[in-house]
Every structure is written in structure tokens, then in C-alpha cells.
Amino acid sequence: MAATSLNAPNAPLLQKTHQTHVFLKPISTIPCQTSARRFSISCSATTQDRLSVQSQSQDRVFNFAAGPATLPENVLLKAQSELYNWHGSGMSVMEMSHRGKDFRSIIEKAEADLRSLLNIPENYAVLFLQGGATTQFAAVPLNLCAPGDSVDYLVTGSWGDKAFKEAKKYCNPKVIWSGKSENYVRVPSFDGLELNPNAKYLHICANETIYGVEFKDYPVPRNPNGVLVADMSSNFCSKPVDVTKFGLIYAGAQKNVGPSGVCIVIVRKDLLGNAQEITPVMLDYKIHADNNSLYNTPPCYGIYMCGLVFEDLLKQGGLDEVEKKNQKKAGILYNAIDESKGFYRCPVEKSVRSLMNVPFTLEKSELEAEFLKEAEKEKMVQLKGHRSVGGMRASIYNAMPLAGVEKLVAFMKDFQAKHA
């Protein structure tokens with residue numbers, strides 16, 4: 001095929017994926033600032049070919065950030081191909097009316113795919129909201145209890161602690177167990193918990209992003225009419241979950257299922273309609289449920305991106321297959337830490353180590369800055385631990401490819417060989 005100059009008036013926008021150059025839709029209205037280089041086109045791949053990405057492209061880093069976090073490369077490429085003109089609509093998703101038929105089809109498909117992934121029953125509402133999971137720290141007590149009602153909080157990390165502190169403004173919460181004195185390294189035995197028999201709900205953070213502690217099973221509220229509430233922000237859609245064990249699940253999207261700006265709430269419908277009088281309209285779950293998450297302008301593009309991720313997870317075989325991949329990645333990394341003879345250490349009890357967020361320290365803490373610097377040279381970024389705990393943290397969410405974890409482990413072994 002003949003070479004094409006990008007300075008030509010109607011030159012197609014090119015996208016390089018590995019060693020294959022492919023055509024995207026010609027965009028003659030966008031001025032091109034590229035210098036007069038000539039590109040040899042080896043083939044004209046179809047859109048489907050271009051989206052079948054097998055590994056990380058050479059021009060992208062391995063991003064181990066805790067959130068916003070890495071997104072599936074094929075999802076990004078699909079979003080790129082649809083950015084200018086979504087499905088022949090003549091506009092971008094970013095330009096659509098949230099009340100138009102095009103966006104309605106997007107949000108309805110996103111909900112349907114999420115219901116399929118998590119097997120969400122019809123007696124649960126799915127809400128696409130704004131404000132992040134932190135806003136739900138207030139919305140949960142405002143919607144589920146009266147000002148004087150008792151509620152229980154099981155605190156296994158910073159986010160559970162923050163949720164408890166916010167709830168104090170709207171009800172009567174009690175911390176029934178906290179791992180703070182041990183620096184949040186475990187989940188307690190449920191048998192010994194002093195649960196309040198009158199608590200309207202029991203709140204947990206299913207995966208603590210900062211400390212890397214993850215529930216592998218879930219407690220049951222002592223009150224037969226009480227419900228289990230879970231912040232699942234950092235392990236949402238990383239594995240199958242029995243939604244019926246919960247009255248409410250909430251999750252910020254920016255770790256596993258999309259960009260920042262979207263918060264997903266899954267709530268049992270019989271819990272709707274009892275919000276406290278002081279509840280702001282934007283925090284009332286029933287209003288959003290009655291309006292199918294379209295009471296006001298939602299984070300349209302973020303919801304669209306979540307929908308693409310849900311579609312991708314289904315294509316992978318669903319959450320059973322996704323969990324297997326996550327277990328393999330986490331196993332490789334934890335084994336490298338445990339087999340380093342103390343050079344690297346993970347403080348979390350092995351039985352509750354997170355599949356998503358892997359914190360670790362170096363035996364020689366003075367080497368941490370060098371570790372981060374050298375890793376970045378190798379195109380592995382955002383490995384610094386949270387500012388409140390220090391050390392390192394590798395967040396290996398769904399979209400982190402196995403190759404990224406393997407490269408990190410190889411780097412860790414090489415770094416240890418140089419400095420042990």
C-alpha cells in the first residue's frame with residue numbers, strides 16, 4: 001500500500017497498535033499539526049482487528065495507580081474510535097442529551113450488562129450517580145435510618161473509618177470492631193463480633209484500598225430486619241458476589257470499571273422511600289431510582305465508559321473468569337514478596353490479602369525512592385504507597401495485564417539482587 005502523508009487535506013487519522021497501522025474515520029475538519037513525515041502502511045485492519053489487543057502497546061506504561069486506574073486497552077481504543085461520531089449519530093457521547101434515545105440506549109445497556117455480570121435480581125435498583133463513594137458515606141445513613149437509629153460499622157481500614165465518622169452526623173453508629181490498633185492488617189472472626197440486635201444496618205468496606213485488606217466472606221447482621229451494606233469501590237466486578245446477601249452495595253467506578261466521576265449504587269427496592277427529611281434531593285435514592293438515574297444530567301461519558309468495560313468483562317467470560325485471572329496475578333506478586341527472604345514484606349494476614357491492592361515495604365526503607373525511580377524508568381508507574389502508610393503499593397485491578405505483574409516481579413527480583 002502506498003505511503004500516506006498526514007499533511008494531506010483529507011488524510012485519515014492513524015492509530016498505531018503494536019506493529020499494525022490502521023485507518024480510523026477520516027476527519028478532514030481537524031487541522032493536523034504533524035510534521036511532514038511519511039508512514040508506510042502495512043495493512044488496513046478492520047475495527048474489530050484493531051480492538052483485539054493482546055498485550056500492552058509499547059507506548060503505554062504499566063500503571064499501578066490505586067485510582068483513577070488503568071483501563072482495558074481495547075476499551076480505550078473502542079472509545080477512541082467512537083469519540084467523534086458515536087454509531088453514526090453525528091455526535092460524540094459527550095454532546096448527547098441525557099434524555100435523548102441515543103444516551104438512553106447507552107445507560108440501559110450498561111445497566112443490563114452489569115445486572116448480567118453480577119446476577120442482580122429485579123428487586124434491586126441499579127443507580128449511576130455522582131460524587132464518588134465518599135458521598136455515599138452520608139447517603140447511606142440518610143436513606144436507611146432515622147436520626148436516632150443504631151447502626152454497626154466494622155472497620156478494617158481508613159475508608160471504613162471515614163464512613164463511620166460521616167454517619168455520626170445522621171444516626172447513632174457504633175464501631176463493633178476496628179483494626180486500627182494493629183495498623184489494619186486483618187479481618188476479625190465474625191463469631192466474636194458484638195453485633196447490635198437493633199442495628200438498622202451493618203457496614204463494611206469489602207476491600208480497603210490503602211491497607212490491602214479484603215473480605216473473603218461476609219458477616220450477617222444480628223438484627224433479622226437489618227441489612228449488610230458494603231463499600232466495594234476497589235474490588236467491584238473483580239469476582240462474583242452474591243448480591244442478595246446485601247441490602248446495599250456502592251462503588252466508585254474509577255478503580256475497576258471506568259473513569260472517575262461515576263458512583264454505582266445497587267440497593268434493594270424495599271429500602272427506598274424512607275429518606276430522612278433533611279436528605280438533599282441529590283442524595284435520595286428513591287428519586288434516582290424513579291428517574292432511572294436521569295433525574296438530572298448524569299456523568300454521561302463516564303457511564304458510557306463503564307458500559308464498555310462491562311461489555312468487555314462479559315466477553316472475557318464473566319466474573320468467574322475475571323477472578324481466575326486476578327488470582328493468578330496476585331499469586332505471582334505475593335509469592336515474589338514472600339520468597340524474597342524479608343527484602344520485601346507484606347504486613348497483611350495471608351488469608352485476607354487483597355487481590356486488587358498489594359502493599360509492601362522494603363527491608364531497607366532508604367531504598368524506596370530509588371526503587372520508585374528505577375521502576376519508572378522501566379515504564380512502571382504509581383507504585384508509591386498511600387501517603388498515610390508509606391512503602392509501596394501495586395494496584396493490580398482487572399485491567400492490569402498479566403504482563404504488567406510479571407514485569408514488576410522481574411524488576412523486584414533484579415532490584416533485590418543489586419541491593420540485598
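Structure notes:
- Meets criteria (hydroxyl-bearing (Ser, Thr, Tyr) and not assigned by the TED database to the domain that holds Ala206) for Tyr344: yes
- Residues in region 274-299 that are open to solvent by less than 60 Å² (accessible area, probe 1.4 Å), more than 17 Å from Val229 (Cα to Cα) and in a loop (DSSP other than H, G, I, E, B): Gln276, Thr279, Ser293, Leu294, Asn296, Pro298, Pro299.
- In region 346-355 there is no residue that is over 24 Å from Lys239 (Cβ atoms), in contact (Cβ under 8 Å) with a residue 60 or more places away in the chain, among the β-branched types (Val, Ile, Thr) and open to solvent by 10 Å² or more (accessible area, probe 1.4 Å).
- Cross-chain or 6+ apart pairs with Cβ under 9 Å, region 138-150 first and closer than 19 Å to Leu195 by Cβ, then of a type in the set (Gly, Ala, Ser) and open to solvent by 10 Å² or more (accessible area, probe 1.4 Å): Leu144/Ala275
- Within region 364-384, being part of a loop (DSSP other than H, G, I, E, B) and at pLDDT below 95 holds for one residue alone: Lys364.
- Residues located in region 166-186, provided they are part of a strand (DSSP E or B), surrounded by fewer than 19 Cβ atoms within 10 Å (Cβ to Cβ) and not hydrophobic (A, V, I, L, M, F, W, C): Asn172, Lys174, Ser178
- Scanning region 187-240 for residues being part of a loop (DSSP other than H, G, I, E, B) and over 21 Å from Lys255 (Cβ atoms) gives a total of 19.
- Here the condition is being in contact (Cβ under 8 Å) with a residue 12 or more places away in the chain, on the phi > 0 side of the Ramachandran plot and in contact with an Asp or Glu (Cβ under 8 Å, 6 or more places away or on another chain); of Tyr184, Tyr201, it holds for Tyr184 alone.
- Residue within region 198-217 that is surrounded by fewer than 23 Cβ atoms within 10 Å (Cβ to Cβ) and over 26 Å from the mean Cα position of the chain (by Cα) present: yes
- Of the residues making up region 375-386, those that are open to solvent by 60 Å² or more (accessible area, probe 1.4 Å) and either over 23 Å from Val348 (Cα atoms) or without any contact (Cβ under 8 Å) to a residue 12 or more places away in the chain (or both) are Glu376, Lys377, Glu378, Lys379.
- Residue-level analysis places Val322 among those that are under 30 Å from Ile107 (Cβ atoms) and either open to solvent by less than 50 Å² (accessible area, probe 1.4 Å) or in a loop (DSSP other than H, G, I, E, B) (or both).
The values are calculated or read from the model by the stated rules, or taken from the named source; none is laboratory data. Keep in mind that this is a model prediction, so the values were computed, not measured. A quick note on method: Cβ atoms are made from the backbone with ideal geometry, for glycine too, and the neighbour counts reach across all protein chains shown. Calculation scope for accessible area: heavy atoms of the full protein, side chains included, ligands and nucleic acids excluded. Shrake-Rupley method; radii C 1.70, N 1.55, O 1.52, S 1.80 Å.
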